[in-house]
């Protein structure tokens, strides 16, 4: 088997046995990036020299007999929203075009401690605001399964990198579905952890009460290994929860006995593509054959999730992005008359259209006279959405649903219709509002060769359960073994 055709598990085993060196593995992936990324455009930055230097250091450490980290020698791609010390971090925005952080994000520290090899920074929707990676200020990332289609967003570059075998694993962020949707569109595994499970220190904020960092991988075990490496308490993040981190990899192969799966009628309504529904129901049949019980649950307030999300997320974005004013760092306009004009000109030049749209929406929702009617009411409905999940999980272990209403749509198809673009997140947003974990696992293909993912949701801190449930499906299907034509 080729190096880049191997799963993360197989790479780790071959590295540990000494069949491969980290330099071998890293070189192979860098060669694929050089060959394929001109078409896919998943990466904003790749530093071949530095990546090989990291790999050499890992090989030297292994030869010395020193204990190795859980990801020793494995290349990993990083969404360009996480601060990397001495390495440009742009959030795919012109306003941060020349920003070089003086420190590493907590997740980057953890990956380095695990001896992973950071190969580059991946493209995204600007400030993680989008569902197609078309909002990047620099380039449009394309889906490796069909270059005319989107890889999803906002973590489209990270998902496309794994799908195109340019990296076995990658890091993304999920504010309203930005890991799970690209994972589904690109035919890879993507996990959004419980809010607070992974530190947000060094993550450039979009919606602070919604953002979570999580892994993409070419198999479920790869996602488990990465999550185990990056999860855990961090006192620098006030929202980081001090909860023990299970060994996700140790229990992964243990099937869930007596598994009960909830199906919400609200997830199977008008607008759901027939092929997507067929794939989801086929996956449920696999679980039935393994002894799982399928039960109907209800999530009555899910119909309000889109409206609630875009009020809360936009309001938090309005606050978080106020810091980009051309004073301390980031883009500053060259021509202006006074301080206020400098603010306006710098922000006008630096932000893209979608970011401006969300800032304006959030500023309006937070303004005097509208705060109670919009933002405060959205917070109250958010609580009802969480209560719906609490009630459902009292009866079932996990909830299964589509990840998105359709498979990957064409580039440019929805870019002029923001509402239609927002509705592509209809099945993922509720999990962020409730703070619960979710995973997308490959579950089918359309007749024209596009991947379809199955979403599994669980109660807070049930990542171990979700990974085991996802592995059950993966072991009894072949979807995750398919590779795109690129």
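The table below gives the values:
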| read-out | value |
| --- | --- |
| Residues satisfying the stated conditions in the range 1-51, i.e. modelled with pLDDT of 95 or more, within 21 Å of the chain's Cα centre (by Cα) and not in a helix (DSSP H, G or I) | 41, 42, 43, 44, 45, 46 |
| Residue 48, sole failed condition from (1) under 19 Å from residue 171 (Cα atoms); (2) surrounded by 23 or more Cβ atoms within 10 Å (Cβ to Cβ); (3) free of Cβ contacts under 8 Å to residues at least 60 places away in the same chain | (2) |
| Evaluation of residue 410 against (1) touching a helix residue (DSSP H, G or I) at 6+ places or on another chain (Cβ under 8 Å); (2) modelled with pLDDT of 95 or more (one fails), failing number | (1) |
| Output for the range 71-98, where each listed residue is more than 30 Å from residue 355 (Cβ to Cβ) and more than 21 Å from the chain's Cα centre (by Cα) | 72, 73 |
| Which listed residue is crowded, with 16+ Cβ neighbours inside 10 Å, modelled with pLDDT of 95 or more and in contact with a strand residue (DSSP E or B) (Cβ under 6 Å, 6 or more places away or on another chain), from 308, 280, 286 | 280 |
| Options 446, 428: the member that is closer than 30 Å to residue 8 by Cβ, in contact (Cβ under 8 Å) with a residue 60 or more places away in the chain, in contact with a helix residue (DSSP H, G or I) (Cβ under 7 Å, 6 or more places away or on another chain) and surrounded by fewer than 22 Cβ atoms within 10 Å (Cβ to Cβ) | 446 |
| Selection status of residue 58, assigned to a helix (DSSP H, G or I), at negative phi, at pLDDT 95 or above and buried (at least 20 other Cβ atoms within 10 Å of the Cβ) | yes |
| Every residue from the range 79-105 that is within 17 Å of residue 141 (Cβ to Cβ) and assigned to a loop (DSSP other than H, G, I, E, B) | 80, 81, 90, 91, 92, 93 |
| Unmet requirement for residue 459, which otherwise passes all of (1) crowded, with 24+ Cβ neighbours inside 10 Å; (2) part of a loop (DSSP other than H, G, I, E, B) | (1) |
| Flag if residue 308 is over 15 Å from residue 456 (Cβ atoms), in contact (Cβ under 8 Å) with a residue 60 or more places away in the chain and outside any loop (DSSP other than H, G, I, E, B) | yes |
| Candidate set from the range 287-305 (those that are farther than 26 Å from residue 380 by Cα and assigned to a helix (DSSP H, G or I)); member that is nearest to the chain's Cα centre (by Cα) | 287 |
| Test result for residue 470, crowded, with 22+ Cβ neighbours inside 10 Å, assigned to a loop (DSSP other than H, G, I, E, B) and touching a strand residue (DSSP E or B) at 6+ places or on another chain (Cβ under 7 Å) | no |
| Considering residues of the range 234-250 that are out of contact with any helix residue (DSSP H, G or I) (no Cβ under 6 Å at 6 or more places or on another chain) and surrounded by 15 or more Cβ atoms within 10 Å (Cβ to Cβ) only, the residue farthest from residue 292 (Cα to Cα) | 237 |
| Subset tally (residues that are closer than 22 Å to residue 223 by Cβ, buried (at least 17 other Cβ atoms within 10 Å of the Cβ) and either in contact with a strand residue (DSSP E or B) (Cβ under 7 Å, 6 or more places away or on another chain) or free of Cβ contacts under 8 Å to residues at least 60 places away in the same chain (or both)) for the range 11-40 | 9 |
| Filtered residues of the range 41-60 (kept if farther than 30 Å from residue 126 by Cβ and touching a strand residue (DSSP E or B) at 6+ places or on another chain (Cβ under 6 Å)) | 55 |
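The values are calculated or read from the model by the stated rules, or taken from the named source; none is laboratory data. It should be emphasised that the depicted structure is a prediction, and the values quoted were computed from it without experimental measurement. Heads up, the Cβs are rebuilt from the backbone with ideal geometry, glycines too, and the neighbour counts pull from every protein chain shown.
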